[in-house]
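A short worksheet on the structure shown next.
The values are calculated or read from the model by the stated rules, or taken from the named source; none is laboratory data. Not measured: the values here are computed from a predicted model. Please note: Cβ atoms are built from the backbone with ideal geometry, for glycine as well, and neighbour counts cover all protein chains shown. With ligands, DNA and RNA removed, areas are computed over all heavy atoms of the protein, side chains included. Shrake-Rupley method; radii C 1.70, N 1.55, O 1.52, S 1.80 Å.
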Amino acid sequence: MKFIRAIPAISRETKAARSSGHPVVLVPTMGNLHAGHLSLIRRARKLAGAKGTVVVTLFVNRIQFGPTEDFASYPRNLKRDTALCREAGVDILFAPSDAVIYPGAHSTYVVESRLAKRMEGASRPTHFRGVTTVVAKLFNLVQPDAAVFGAKDWQQAAVIRQMTTDLNFPIRIVVAPTVRERDGLALSSRNAYLSPAEREQATVLYDVIRAARLAVKHAPAPLPAGVLRRKLSRLVAKQRLAKLDYIEFFDPKTLEPAKRVERGTHIALAVFFGKTRLIDNGRL
Ligand code: AMP
């Protein structure tokens, strides 16, 4: 595995990989790798093939965090991540510093202006601008044939797909399923912030998705979104340590809000446990 921290080196190595004629597949992450990330890396290997190149990036992207969010305390574990990537058969690990990606006078941003406005974008106004900017930079540096993202961040994948189309990046966007703990909690670096009591109650996110699936399954007709939202909000309210941010129903492709919820409608939600904000989503 090649371990790279500088721009000229990542450009040179990915150029060599592309000229081999085999696929180059990118997996962008913020590090502190868990089984969810590793499943993305396995998917990338399948797409790249044995002779192709899997590139993983580790970069905690300052500009996608709000001023009161957890950029400073976000878990970083470069040694462990490097070992995990090596074990997983990654070919190139790109772990640039903040100064390499944003040297002094950075003043250009990439903004997706439709899908990025609701849900996560409404709660975290500068978040997606940070995501699309760094992903566009990584796409330019690596120029992969495909890039793999997790369904865990459904809206993020939709925003990146839109950016890829709009800016004519010749890159296939692949979305891999959410990996969960045994009790249903989606794996996330932020789960490490939870106290034992919060961790116990955090299963409520998946409980909400399952309850919504059951409600849709047994409903004789599409359900009014407001009615279902109120019912599901009560599930969250029962957990003493949980504070609901939002529950939304929408079309999985266009992200258009759904007034009526039926089979195939998508649900997404965000819940606070103290300062920790968890998100999840699923198809109903
Ligand atoms: P992050 O390091 O949290 O920015 O995530 C990097 C990539 O891993 C993103 O595409 C996420 O959607 C994906 N990811 C994070 N958690 C999971 C999970 N539990 N299952 C599948 N993919 C995930």
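Tabulated results
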| read-out | value |
| --- | --- |
| Residues (more than 8 Å from the ligand (Cβ to nearest atom) and crowded, with 21+ Cβ neighbours inside 10 Å) located in segment 140-166 | VAL142, PRO144, ALA147, TRP154, GLN155, ALA158, VAL159, ILE160, MET163 |
| Per-region count, segment 167-188, residues away from the ligand (no atom under 14 Å from the Cβ) and over 22 Å from GLY52 (Cα atoms) | 2 |
| Sole residue being touching a residue at least 40 places away in the same chain (Cβ under 8 Å), within 16 Å of the ligand (Cβ to nearest atom), among the aromatic types (Phe, Trp, Tyr) and surrounded by 13 or more Cβ atoms within 10 Å (Cβ to Cβ), chosen from PHE94, PHE3, PHE71 | PHE94 |
| Which numbered condition VAL174 misses (of (1) open to solvent by less than 50 Å² (accessible area, probe 1.4 Å); (2) part of a helix (DSSP H, G or I)) | (2) |
| Restricting segment 6-51 to residues that are among the basic types (Lys, Arg) and in contact with a strand residue (DSSP E or B) (Cβ under 8 Å, 6 or more places away or on another chain), the residue that is nearest to the ligand (Cβ to nearest atom) | ARG43 |
| Filtered residues of segment 192-206 (kept if farther than 16 Å from LYS275 by Cβ and open to solvent by 50 Å² or more (accessible area, probe 1.4 Å)) | PRO196, GLU200 |
| Failed item, numbered, when ARG213 is tested on (1) under 15 Å from ASN281 (Cβ atoms); (2) within 15 Å of the ligand (Cβ to nearest atom); (3) of a type outside the set (Gly, Ala, Ser) | (2) |
| Which listed residue is in a helix (DSSP H, G or I), modelled with pLDDT under 95 and not hydrophobic (A, V, I, L, M, F, W, C), from ARG190, ARG199, ARG210 | ARG190 |
| Test: residue in segment 237-258 that is more than 30 Å from GLN143 (Cα to Cα) and at pLDDT below 95 | no |
| Verdict on THR276 being on the phi < 0 side of the Ramachandran plot, surrounded by 12 or more Cβ atoms within 10 Å (Cβ to Cβ) and not acidic (Asp, Glu) | yes |
| Any chance LEU205 is within 16 Å of the ligand (Cβ to nearest atom), touching a residue at least 12 places away in the same chain (Cβ under 8 Å), part of a helix (DSSP H, G or I) and within 21 Å of the chain's Cα centre (by Cα) | yes |
| Every pair of residues 6+ apart whose Cβ atoms lie under 9 Å, when the first sits in segment 10-33 and is in a helix (DSSP H, G or I) while the second is within 16 Å of the ligand (Cβ to nearest atom) and open to solvent by 60 Å² or more (accessible area, probe 1.4 Å) | none |
| Odd one out for VAL55 among (1) touching a Gly at 6+ places or on another chain (Cβ under 8 Å); (2) open to solvent by less than 20 Å² (accessible area, probe 1.4 Å); (3) among the β-branched types (Val, Ile, Thr) | (1) |
| Matching entry among ALA258, ALA219, ALA215, ALA225 (being touching a Lys or Arg at 6+ places or on another chain (Cβ under 6 Å) and open to solvent by less than 30 Å² (accessible area, probe 1.4 Å)) | ALA225 |
